[in-house]
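The values are calculated or read from the model by the stated rules, or taken from the named source; none is laboratory data. This one's a predicted model, so the numbers in the text were calculated from it and none came from an experiment. Counting neighbours? That spans all protein chains shown, and the Cβs are built from the backbone with ideal geometry, glycine included. Surface areas here come from the heavy atoms of the whole protein model, side chains and all, with no ligands, DNA or RNA. Shrake-Rupley method; radii C 1.70, N 1.55, O 1.52, S 1.80 Å.
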Amino acid sequence: MFATQRREVAPLSPYRFALKRVAGCLGTGLALGVMTNLAQGWLPGSWNQIANSGAVWSAVAFVAGALLADRGVRVAVAGGLAAEVGLVTGYYGFAEFGRGGMGMLTTGLVWLVMAVVAGPLFGAAGAWWRRGSLNRRIVGGAALAGAIGTEAAHYAFVLRYMPQAWVCAVLMVALPLAMGRGNRERALTLAATMSLALCAYAVVYQGFLGSVLG
């Protein structure tokens, strides 16, 4: 009898493994971008605003960063960027080729610029929350909850969508309580969340970016 020969598969190098994970974030972002476009047609009335809100898209980058935290902050940042760019590309790509037109090109470009800024920030926030020191965990968790708090203020004071505003406000408070590791961390994250939400609302919706986004 002949001995069976087993072919050994060489393990991926850390660089190639990280690149594969980042590519996975990009693919996931593309798929979710298409889904958020479709969800706008599925959700009733003004609830369709939640499908592609900045906070929801930022949460995708946050999750990507948290999942890649064991590979280091730089890989988490790249994953957050890839996820956000994928979301914008998937959303507006499907709008252009699946729904008969994406509308003004400027709007898509503005969201792409926002993705390039927000993706790395929330990717890092996810990594900090999962693997960082106490201070970094607080900042990371507050970044996500604060983004949702910003949406709550936008729904309440600008769009006047009060049910959506209340849902976001509840999430803004619930996330720090659920994500914190100990009562001290929960309290500090909640306090930081309130501050970040107010600052982000002033910059994004009441400042220059608000005039660009309309």
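Residue-level analysis places L121 among those that are assigned to a helix (DSSP H, G or I) and modelled with pLDDT of 95 or more.
Residue-wise test of (1) open to solvent by 30 Å² or more (accessible area, probe 1.4 Å); (2) within 19 Å of the chain's Cα centre (by Cα).
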| residue | (1), (2) |
| --- | --- |
| G100 | yes, no |
| G132 | no, yes |
| I148 | no, yes |
| A165 | no, yes |
| A169 | no, yes |
| A174 | yes, yes |
| A191 | yes, no |
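Of all the criteria given as (1) over 24 Å from G140 (Cα atoms); (2) touching a Ser or Thr at 6+ places or on another chain (Cβ under 6 Å), the one not satisfied by A51 is (1). Only a single criterion out of (1) farther than 19 Å from A147 by Cβ; (2) at pLDDT 95 or above; (3) not aliphatic (A, V, I, L, M) is not satisfied by F62, namely (1).
Exactly one residue among V60, V56, V75, V88 is open to solvent by 40 Å² or more (accessible area, probe 1.4 Å) and of a type outside the set (K, R), and that residue is V56.
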